[in-house]
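Each value in this text was obtained by applying a stated rule to the coordinates, not by laboratory testing. Everything numeric here is computed off the predicted structure, so don't read it as measured data. Cβ sites come from the backbone with ideal geometry, for glycine too, and all protein chains shown count toward neighbours.
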Amino acid sequence: MTQQITTPPPVTPLPSKKREFRRFLQVLFRSPGAKIGGIILLVTIIVAIFAPAIAPFDPLEMGVGSTLQPPSADHWFGTDDFGRDLFSRIVYGSRLTLRIGLIAVFISITSGVLLGMVAGYAGGWIEAILMRGVDVLFSFTETLIALAAVAVLGPSLTNATIAVGISSIPFYARVTYGAVLVEKNKEYFKAAQAIGAKHFRLIFRHILPNILSPIIVVATVGVSVAVLSASALSFLGLGAQPPSPEWGAILAAGRDYFRRAPWVTTFPGLAIAITVLGFNLLGDGLREALDPQQRRP
């Protein structure tokens, strides 16, 4: 009796993009730092979205407890000098923190990427003018640029966010400019030019998709820088104004009571530090996952 051997159907390989994306997720989830950073940011986002349900008190309501009351069962993080619940203020402050970071990075990344791409692609006198202007801005620190912008716009949370976004434009422009120069010298780009590809196709089909990886990593870490800068401006009285529950403003209000009521500065300081750590860890994980060397099987 002859045994019939059945041949299994051939395995269809995953499309290249799908396979690359799966490998990207594998490398990303393999990083302990990326996992921790992702969890921190996920918790921060959930707290920001459901702040009204999580916070036991109105963050602006005064006299919900005794002034400078230490942490207790009724007030987990204690109260401030106006008797406001500190836990509720920090919970609502997460909304402001995420809004500041995302809007500031959006301003920086759109303006900086545009400048860097135009300078790197156009070359010539356009490149010289734009990049010399960026070099001039690079001679000043981001904090100094932000302070100058706030001095012109006026102290407020919105203006502080805009100022922080403006201060980081030179950095994104320089990163994008360098990435564009690298892509322009590659064979695929020269081949596309040789067959007569239009400028729009060269920029948005060939250059932009290939420089997104470093921009995404820089933008993720840039959110943490924006959060720190905005908190610093609020601490100096140039950002969020009382009674806004912004973490930097809460820190500024509690500095006069540091010895008597250290919880007023400790908890918002921890909130800032943990959030910044989350963005930095996630940025490191993305950098590793987007590295082609790491995605090799």
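Once the Cα atoms are used to define both axes, helix 157-167 deviates from the longest principal axis of the chain by about 40 degrees. The alpha carbons of segment 170-297 give a radius of gyration and a Dmax of 21.5, 73 Å, in that order.
Relative to the longest principal axis of the Cα atoms of the chain, the long axis of helix 169-184 makes an angle of roughly 10 degrees. Against the chain, whose longest principal axis comes from its Cα atoms, helix 263-289 is set at around 0 degrees. Dipole magnitude for the chain: about 1380 debye, using +1 per Lys or Arg Cβ and -1 per Asp or Glu Cβ, origin at the Cα centre. Beyond 24 Å, the tail of the calculated P(r) for segment 65-198 holds 53 percent of the Cα pairs. Which value results for Rg/Rh of segment 120-217 when Rg is the Cα radius of gyration and Rh the Kirkwood radius based on the inverse mean 1/r? Reported Rg/Rh (Cα atoms, Kirkwood Rh): 1.10. Histogrammed with a bin width of 5 Å, the alpha carbon distances of segment 28-120 distribute as 3, 13, 15, 14, 13, 13, 11, 7, 5, 3, 2, 1 percent, first bin at zero. When Val136, Val225, Val64 are sorted by how many other C-beta atoms sit within 10 angstrom of their C-beta, beginning with the fewest, the order is Val136, Val64, Val225.
Rg/Rh, computed from the Cα trace of the chain with Rh as the Kirkwood radius, has the value 1.12. Structural descriptor for the chain: relative contact order 25 percent, calculated from alpha carbon pairs under 8 angstrom and at least 6 residues apart.
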